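Everything on this sheet refers to the single structure shown next.
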Amino acid sequence: MLSIENLSVLIHRADRQVAALTDVTFAVRPGEVVGLVGESGGGKSMVARAVVGLLPTGAQATGQVRFGDADVLRMDPAALAAHRGRGAAICFQNPRGALSPTRTVGRQLSDRLVTHQEMSPRRAREAARELFEAVGIRSPQRRLDAYPHELSGGMAQRVMISLATGCAPGLLIADEPTTGLDVTLTREILRQFRHAADVDGRSVLLISHDLASIAEICDRVVVLYAGTVVEAGPAGQIFAEPAHPYTRALLRSVPDVGGRPVVATPGAMPLLQRAPRHCPFAARCAHADDTCTTRRPPATPMAGRRTDEWSLACFHPQSGPVAPAVEPAERSTASPTPAPVAGDAAVPGPAVLEIDDVHVVYRSRFGSGGHHALRGVSLRLAPGETLGVVGESGCGKSTLAKLIMGLVAPTSGTVSVAGQSLVRQPGRPTPRGRALRRLRTRAQFVFQDPIGSLSPRRRVGDSIAEPLRAAGLSAAQRQARVAAVLDRMELDRSILRRYPHELSGGQAQRVGIARALVGEPDLIVFDEPTSALDVTVQAQILAVIADVTADTDRASVFISHDLATVRGFADRVAVLYLGRVVEEGPVDVVFDSPRHPYTRALLASAARLGGEPTSGAAAVELVRELEEGDAATGCALAARCPFVTDTCRSQPQHLQPYGASRAACWRIPELDALIGKQAATP
Amino acid sequence: MRIFRFVVRRLLQLIPVLLGVVVLTFLLVRVLPGDPIRSILGQNATEADAAAARARFGLDQPLWRQFLDYLGGLVTGDFGTSIQSGASVGGEMALRIGPTLELVVIAVSIALVVATVLGVWSARRANRLGDHGIRLFALVGNSIPEFWLGLMLVLLGYSVLGWFPAPSGRVDPDANLTPITGADLVDAVLTANGPAISSAAAHLVLPVLTLVVGVVAPLLRSVRASALEVLNSEAYAAAAAHGLPPRTLLHGYLMRSTLVRLPALAALVFGTAIGSTVLVEYVYSWQGFGQWALRGLLYRDYPVVQASVLVIALCYVLVFLIADVVHAILDPRVRI
Amino acid sequence: MADLRAAGATGATARVTRSRDDRFARLLIITGAAILAVVAMAALAAPLLSSWGATEIDPAATLAAPGGAHPLGTDTNGMDVWSRVLYAARLDLGIAVAAVALAVLVGTLLGLVAGYLGGWLDDVLMRVVDIFQAFPTFILALAVAALLGNGTVNLIITIAAVNAPAYARLVRAEVRTQRELPFVDAAVTSGASTVGVLWRHLLPNSLTPVRVIAPLNCGWAMLTLAGLSFLGLGVSIPEAEWGAMISLGAADVVGGRWWTSVPPGLALFVSVLGFSLLGEGLQERANAKRR
């Protein structure tokens, strides 16, 4: 189907040139799903562009992109026009942006059907409805007349898939199709591509930064690093026992819900000016020797395998599984010593953070109603403790973070940090002026968008020292304190004089953590601090955060949509769903024996290394998507829970103790039996 | 039905703005230096004459009283009496508004069509020669003073070439045109007066051309930028990457997304055109609304200034309302 | 990372044209600045470039054609057109730039405060801006000019007054966008005071669009000033100002006497073009950066 041979792409720009791809060789056979994996800057998207003949105009491509009998790089405009869509169709990464905002999605699909399948407009509309149904869009007839802005993220992604398949392409290219989607949806979307290969016989090229999530549906994977193919072979085997040190580093960098500790690889991917003469990974590789830094390893077959079966470009192939099974005893070294207190209301002693039955309602500007972001959340955090908060988008995580930081006032209930209130709350004294400014620095925040959280026109040094200004420290004192945190973050002094846009994501996040630490706060809130970073950089930052949260004189809150990152260093974890805490308890208990159906569903959809069973408890699969679940009077999950009863719909659920953890579901005692029964009757 | 509710809601939102406009124009005129009575009576009038005249125009009343009278008049459609001519302001305005609307509507319509066609054409060949030409033209159009451009067109079209009539009037008096609407070309067509049609058209060419150049430039720039943004958008790229044919791309994916921005711009440009008309009418001695309002301003004729400024603001606000509605129809993302 | 914009047929050119755009933007900026520099120099060096004063009357020559002692002829009052065109640059440039500076200052301050603090202050300010913006700007300028009368300072205030609302609205919108960005939350949670947030974080970041619009606005201000003078509501004869000169020369056009109106008009046009080029270049650069 598709056969790329020695494809190199050099991009000439006014100021510099970039070696985007170097000698890339791989093939996609008919009906095969091939994963193209690597970090950003590795050249994944450039491969996709080359396949549809849309290279940037400054690009100079050599080698061959053979598609059927023709070479895409040498097609004339007419042949290229015929090739795009019909030959290869891309399923774009950001579906909301890639759908035309002023045309109904039905017409956008019909356009493709009319163009590539020579249908009449009337027939195309009928076919569009069928396609919508096939990709799992509910009430497809109605959706045909919807505009893109009316669709949820998951729905838009389904439409995008239908658009790409509507071109009836020989090769379907999916560019990061699950970015920005919630975990419970990710698997379902990925299955669509497997389906396209198995049922329609299309070839699929699946581009992703996350090897773990796509390994399951791919036949083979190709790993890119700095524009070169470092390893290519059968998905299952590469996933379990990769041979190239980079592939192994990539896998080790991903946190795992099983609690396996993350191993960080130092350094970052180089941006190459010319085709590399030596192994591009050598500088970061623990196994590198002189050979690696003088010659570029050619792609060679693994011992006893054919080149097109499993090949890699490395002088020092590794073997054995990446992640040895983790024993429970080992696990405790990964997470810091359990805090002396478990966050129960019964525990005495001073609390760094106390949230008591807080509701937050965002009033809409016009008229009545509003968005109920938090519904009766209570949390308590002692010094030295780390609380993980997990949930999907829209569950109220960010509101909770803002609430703790005093950026949002509770509509009812109380919040206090170090015993004092940051916002005006009825019946409580509120500090003002300088006192308030000082109090604010007691709780610090690490943001999701590391670069965006730094003032664009202020130097880095200025940003880090900001909390010290409020404390009224002298310039010399500020300088000393800033120098100390810089050392802890392993940042060079020269960074102080730079501007945020000059930093890499990893550097910027270290700066963000430095700013949070510099005033020696009582509490640090990490709001998805690694979700905007590349995998290996993410591992480095997670290591830094693990170090910071281990400090015993400070409490931390770590907010994430990703269960696995939380497991690494949290003592306790709270699972948030539509503004309510549905389960809460010690981290190992919640992860190993989840109680609430929602927690079980979350854990079940999290991808894991080695494909071992997700957790001790049986898995739950939710029936609908988050956007479709409307919060009625009863249990928040009622609309999506497979075990829902009338009681669930009418009675609100409160946290009840079940063993060491607490969960808000009355059917928990009978849940295991229910799941078993469900599994028995397909 | 929803669009109707949308219009009503917008109209209601306009009420405070319009009330503000009424108050502002009223106050603006009262604090103008210079005494309108003195300027019509001349230096020789006695104090008693002046007092009598003041009483006649109600200028001896306290300010709040004058405002209430004015407001009461407005509600009943009475704009008062011109201090200069003694005629009804409403009647004078009705005579003057036709010729001006004729100019502005023709010019803005031409400008809209030209700007859309050229702007999209230019964006599709961005950074090629034709595109650079268009951009240069837009820059020049943005920078050229209309009144001077008008003069230069007179110099060339009348003084040098002699192709167009002198800049004095809107139609040849010999054509015996019967006025109906005040817009001469329309009247000529309505009365099927052949000589008047050609004369009115000939008189219109230069002023309309002057206005078009000034109006088309900013529009052209925006349409080009808007089209370029669509062309560079992910959505358009995705459609192109799926191999849709050029015709479908142009009509289905480029045009509507580009034109979504046009209504608001057109409304803004309509305002510019009203401003420019004052200058253009002056250059071509076009006896329209602008000339009338300007004279009112120069002679401190309170009722005329009030009425003209109010009517301009009303027109402008209404045009914006229409633009909003058209935008809401074109752009599915607007919540109505 | 799949930067889709670079994946489309036209999008594919985006990456390369960025550097080309950048060079093009530089060309525009340099040309515009050069034109303005020449105009400013001419204004300053007027006494050196002409032997006649701005309002000096040559009784021997009224409406004299170009040539001889008067390179661009004289007007109906017998004043030298060339020297008047030079001297006029002082008033035209000076008033326009001063007016825009004043408008930027006042508008930015109001927009900053309204945008950050919100509440009733914001509501009141924005309603006032709404009312101002219910008039086409030139019409408003006419009315305010008639109201204030025509001195240099009054004209500066007039032109500033009709432009300030637009700046207030622009800066307010920018502040409201910026306010939602994480770096502002970061500053607040780091204990920065309200004034600190406004001054150290919001102001520098909200000025970006103002920087692009101000030059374009200077050109527009010159056109407004000349237009007012042309209608008799701005600078009046015998003072040297391009619009007033064109107004005086308008009567001569019908008779084919071009030299009283063409030179001041050209000077005005070229100066405004200088501002337009500068503004367009800055805009282009800002776009290239945003892409």
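The values are calculated or read from the model by the stated rules, or taken from the named source; none is laboratory data. Fair warning: this is a prediction, and the values are worked out from it, not measured in the lab. Note that each Cβ is placed from the backbone with ideal geometry, even for glycine, and that neighbours are counted across all protein chains shown. Areas reflect the complete protein model, heavy atoms only, side chains present, ligands, DNA and RNA absent. Shrake-Rupley method; radii C 1.70, N 1.55, O 1.52, S 1.80 Å.
Rounded to the nearest 100, the interface formed by chains B and C buries 4500 square angstrom of accessible surface, both chains summed, with a 1.4 Å probe. Measuring gaps between exposed loop sites in chain C (GluC sites (Glu not before Pro); DSSP loop; at most 16 other Cβ atoms within 10 Å), the longest gap, sites not included, is C:57-179.
So if I place +1 on the C-beta of Lys and Arg and -1 on the C-beta of Asp and Glu, and nothing else carries charge, what would the dipole magnitude of chain B be about its Cα centre? I want it in debye, nearest 20. Spell out each step's value before the answer.
Working: 24 positive and 20 negative charges, 291 e Å.
So the dipole magnitude of chain B works out to roughly 1400 debye.
Gain on full extension, evaluated as 0.36 nm per residue between B:Thr46 and B:Leu71 minus their Cα-Cα distance, stands at 5.9 nm.
Order the following by accessible area, largest value first: A:Ile545, B:Ile110. Probe radius 1.4 Å; ligands, DNA and RNA are ignored. Let's see the in-between values first.
Details: A:Ile545 0, B:Ile110 75 Å².
Order by accessible area, largest first: B:Ile110, A:Ile545.
The modelled label-to-label distance between C:Ile30 and C:Ala173, using points 7 Å beyond Cα along the C-beta direction, is 3.3 nm.
Look at the dipole of the protein assembly as shown built from charges on Cβ: of C:Ser50, A:Leu468, C:Gly32, the Cα furthest out on the positive end belongs to A:Leu468.
Give the interface area between chains A and C as buried accessible surface, both sides summed, probe 1.4 Å, in Å² to the nearest 100.
Values: alone 29500 and 14860 Å², together 41320 Å².
About 3000 Å² of accessible surface is lost on pairing.
Dipole magnitude for the range A:347-500: about 820 debye, using +1 per Lys or Arg Cβ and -1 per Asp or Glu Cβ, origin at the Cα centre. Taking B:Arg256, A:Arg112, A:Arg74 and ordering them by how much accessible surface each has at a 1.4 Å probe, largest first, produces A:Arg74, B:Arg256, A:Arg112. For the range A:108-140, the list of GluC sites (Glu not before Pro) that fall in a loop by DSSP and count at most 10 other C-beta atoms within 10 angstrom reads A:Glu118.
Accessible area of the protein assembly as shown with a 1.4 Å probe: how many percent of it is carbon plus sulfur?
That share works out to 59 percent.
What separates the Cα centres of the range C:215-249 and the range A:517-538 is a distance of 59 Å. Annotation for A:His372 and A:Arg488: the two label points, set 7 Å from Cα along the Cα-Cβ direction, are 4.1 nm apart.
Work out, step by step, the length gained on full extension between B:Arg54 and B:Leu95: first 0.36 nm times the residue separation, then minus their alpha carbon distance; give nm to one decimal. Please list the in-between numbers first.
Values: separation 41, 0.36 × 41 = 14.76 nm, distance 2.69 nm.
That works out to 12.1 nm of additional length.
Loop-located trypsin sites (Lys or Arg not before Pro) across the range A:1-56 with a Cβ neighbour count of 16 or fewer within 10 Å are A:Arg13, A:Arg16, with loop assigned by DSSP.
Relative to the present Cα-Cα distance, how much length would full extension add between A:Ser152 and A:Arg497 at 0.36 nm per residue of separation? Provide the component values of the computation, followed by the final result.
Values: separation 345, 0.36 × 345 = 124.20 nm, distance 4.23 nm.
Here the segment from A:Ser152 to A:Arg497 would lengthen by 120.0 nm.
Taking the Cα centre of the range A:385-470 as reference, the dipole from Cβ charges on Lys and Arg (+1) and Asp and Glu (-1) amounts to some 560 debye. Here the range C:105-156 and the range A:226-273 have alpha carbon centers that stand 60 Å from each other.
Under a point spin-label approximation (7 Å from Cα along Cα-to-Cβ), what is the A:Gln479-C:Ala45 distance to one decimal in nm? Modelled inter-label distance: 4.9 nm. Taking the DSSP beta bridges with both ends in the protein assembly as shown, the antiparallel portion is around 60 percent.
Judged by the ratio a/c of the largest to the smallest principal axis of the C-alpha gyration tensor, the range A:38-125 counts as oblate, that ratio being 1.5 or greater while a/b is no larger than b/c.
Counting only protein chain heavy atoms and rolling a 1.4 Å probe, the accessible areas of A:Lys677, A:Lys402, A:Lys397 rank, largest first, as A:Lys677, A:Lys402, A:Lys397. Hey, how many Å between the Cα centroid of the range A:377-393 and the Cα centroid of the range A:299-321? Spelled out, the Cα-based centre of one part sits 45 Å from the other. Working from Cα pairs under 8 Å separated by at least six residues, relative contact order for chain B is 27 percent.
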